[in-house]
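Asker: Before I ask anything, here is the structure I am working with.
We did not get these values from a lab; they are worked out from the coordinates using the rules stated. In this text, all values refer to a predicted model and were calculated from it rather than measured experimentally. Cβ atoms come from the backbone with ideal geometry, glycine included; neighbour counts cover every protein chain shown.
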Amino acid sequence: MSNISILEPLYVELSEISGYLWQRGWAELNAGNISIRLSDVSEETFKDFSVLEDLVLPSPIPALANEFVLITGTGHRMREISKQPKEHTMIVGVGADGISYKIYFTSFGKAIRPTSELPTHLACHGVLKETKPGYNTILHTHPSDLISFSHHPEMITEEIINKTLWKMHPETVVFAPTGMGFIPYQIPGNTKIANATIEKLATKNTILWQKHGAFAVGRSLTQAFDVIDVLNKSAGMYLQCKAAGFEPTGLTDAEMEELMIVYKDFGK
Ligand SMILES: [Zn+2]
């Protein structure tokens, strides 16, 4: 299909969600990044875009051969993406060899560059394509309450983290039934955090990067955002109770089990 209008609904969604990230204070400065693997597009779709060619990934991702991924630009703010989603994002087209790529962009008469997390995003998309059909979206953001929560000295295992978050609200049990993966602090942008994240994707769709932020995959950007939002709300309520000077009562094990049975098909 040669018509870029096929992507218009995606740009509308991108504008809406990146606006929420900014409004909620989850996207200070140029924090966060988003990527979406596209369907029903080809090189022809982007014929009116400018192109940067002869680019090469650090290592091949054969699963992404001939795939196109929309991704946010390095240094671009979510508040800018919200206003001009097309101009502050680009399309990465991976070659048939799985290692060469081109960048298609519309903006400003000068080339924009993808987020420095491009290799991590693409490696994750390769894994998602092969292991989680329909999961085409990656969102990394800085949800304040979850980050504060991750500084709690007791919140250092997935079991404790998830039980604490689930106990705070029935909705969290229902809409985040697999909870969060947990990755202890790593310096941002290094290959260790990328590899740990890829490993976690086998069992989790949302991951807490300790003292840094959240990483979520979804069938849509809205879904990835919603799950982080639900988990962040629980973290915020937990911190509010602690700040008010009491330990939250929390849902009992029996109450959580009942929710898991009654709403077992939600949040999957
Ligand atoms: Zn970050």
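Asker: Does region 1-114 come out rounded, prolate or oblate, given a ≥ b ≥ c as the square roots of the eigenvalues of its C-alpha gyration tensor, rounded meaning a/c under 1.5 and, failing that, prolate meaning a/b above b/c?
Answerer: The shape class here is prolate.
Asker: While we're here: Using only the Cα atoms of region 142-201, what are the Rg and Dmax in Å?
Answerer: Here Rg and the maximum Cα pair distance are 12.5, 36 Å.
Asker: Let me ask another. Mind pulling the angle between the C-alpha long axis of helix 253-262 and the longest principal axis of the chain? Nearest 10 degrees, somewhere in 0 to 90.
Answerer: Long axis of 253-262 versus the principal axis of the chain: about 50 degrees.
Asker: Report the FRET efficiency, 1/(1 + (r/R0)^6), for E154 and S100, where r is their Cβ-Cβ distance and R0 is 45 Å, rounded to 0.05.
Answerer: Values: r = 47 Å, r/R0 = 1.05.
So, using R0 = 45 Å, E works out to roughly 0.45.
Asker: Can you give the relative contact order of region 67-218 as a percent, counting alpha carbon pairs under 8 Å and 6+ residues apart? The partial results should precede the final answer.
Answerer: On the way: 208 pairs, mean separation 31.2, N = 152.
21 percent.
Asker: Take the chain, connect every pair of alpha-carbon atoms lying under 10 Å apart with a spring to form a Gaussian network, then pick out the residue of H151, H212, H88 with the largest mean-square fluctuation.
Answerer: H151
Asker: Please find, in a Gaussian network model of the chain (springs between Cα atoms separated by less than 10 Å), the residue of P153, P188, P114 whose mean-square fluctuation is greatest.
Answerer: P153
Asker: While we're on this one: Relative to the first principal axis of the alpha-carbon coordinates of the chain, what is the inclination of helix 118-131, with its axis defined by its Cα atoms, in degrees from 0 to 90 and to the nearest 10?
Answerer: 70
Asker: Next up: Nearest 10 degrees is fine. How inclined is helix 221-243 to the longest principal axis of the chain, computing both from alpha carbons?
Answerer: 30
Asker: If you don't mind, another one. Over all directions, average the projected area of the Cα convex hull of region 51-117 and note it in nm². Walk me through the numbers before you get to the answer.
Answerer: Details: hull surface 17.7 nm².
Across all orientations, region 51-117 yields a mean hull projection of 4.4 nm².
Asker: Rounded, prolate or oblate: which fits region 193-233 when a ≥ b ≥ c are the square roots of the eigenvalues of the alpha-carbon gyration tensor, with rounded for a/c under 1.5 and prolate only if a/b beats b/c? Mind dumping the intermediate values first?
Answerer: Working: a/c = 2.29, a/b = 1.30, b/c = 1.76.
Here region 193-233 falls in the oblate category.
Asker: Within straight cross-link reach of K163, meaning Cα distance under 20 Å, which lysines are found once same-chain residues fewer than 8 apart are removed?
Answerer: K200, K204, K211, K233, K242, K264, K268
Asker: Between F246 and K192, what is the spin-label point distance in nm, taking each point 7 Å from the Cα along the Cα→C-beta axis?
Answerer: Inter-label distance under the simple model: 4.1 nm.
Asker: Using Stokes-Einstein with the Kirkwood hydrodynamic radius over Cα pairs, what translational diffusion coefficient do you get for the chain at 25 °C and a viscosity of 0.890 mPa s, in µm²/s rounded to a whole number?
Answerer: Values: Rh = 19.2 Å.
Reported coefficient: 128 µm²/s.
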